[in-house]
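Let me begin by presenting the structure, written as structure tokens, before commenting on it.
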Amino acid sequence: MMRNLDGVSVYFDPAHFSAETLERIQTFPVTAVIKEMLFHTLRWSDKSAEKMPVEQTFFQALFLLCQEQMKQKAAETFTLPRVTHPSLVRAMDSALVDPGHASLTQALHQAGMSERSFRRHFLNETGMTWQAWITQARLFHAATLLAEGQRVTDVSAEVGYASLSAFAKAFTHLLGQSPVCFRKSQESI
């Protein structure tokens, strides 16, 4: 079995999810069973699931387990609202490329909107202010980097925090555990 990998990314066909689920980017912890199943999938080529009933059943079971895990963690899951307004989509997509350096000025430029219109539309579609959203986006990115094993100090700087203590406080407030604890919990998965 291949164990020299740091992780595995999984992409699900959006057709299998409700519209409500697709409105938000989600991250969730995987159980040991799901982790082993993900590594097991590396044995098959991309096309083998179409040909072999065993692989089809395996992938269906993996999907159902992931879906169950997502539902169980829904209340605790760190989510990032998305929008449908094309101008806001451009601003969000631009900000997500490098959330640590994203700014309201850049978002306004990408959206091609006045600040007042941008703030009003953004709040209506997401239920949160731009500042609250970009903070969540930064912390979402931080959680991803920490799960990859990066050092907390490096992650803090990468996501735009000048102060390690401010980063730790914001991360703990939003995710319910310190960056160090979160990183350690991801190592055991």
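The values are calculated or read from the model by the stated rules, or taken from the named source; none is laboratory data. Keep in mind it's a predicted model, so treat the numbers as computed, not measured. Neighbour counts are summed over all protein chains in view; Cβ atoms, including those assigned to glycine, are modelled from backbone coordinates with ideal geometry. Each accessible area value is taken on the protein alone, full model and side chains, heavy atoms only, with ligands, DNA and RNA left out. Shrake-Rupley method; radii C 1.70, N 1.55, O 1.52, S 1.80 Å.
Points to keep in mind about this one:
- Search result, residues across the range 114-151 that are open to solvent by less than 40 Å² (accessible area, probe 1.4 Å) and part of a loop (DSSP other than H, G, I, E, B): MET128, GLY149
- Flag if SER165 is closer than 29 Å to THR31 by Cβ and either of a type outside the set (Asp, Glu) or loosely packed, with under 14 Cβ neighbours inside 10 Å (or both): no
- The residue that is nearest to ASP98 (Cα to Cα), among those in the range 149-172 that are among the small types (Gly, Ala, Ser) and in contact (Cβ under 8 Å) with a residue 60 or more places away in the chain, is GLY160.
- Residue within the range 129-143 that is out of contact with any Lys or Arg (no Cβ under 6 Å at 6 or more places or on another chain), charged (D, E, K, R) and under 27 Å from PHE12 (Cα atoms) present: yes
- Condition check for HIS173: of a type outside the set (D, E, K, R), open to solvent by 40 Å² or more (accessible area, probe 1.4 Å) and under 20 Å from the mean Cα position of the chain (by Cα): yes
- Flag if SER178 is modelled with pLDDT of 95 or more, of a type in the set (S, T, N, Q) and in contact with a helix residue (DSSP H, G or I) (Cβ under 7 Å, 6 or more places away or on another chain): no
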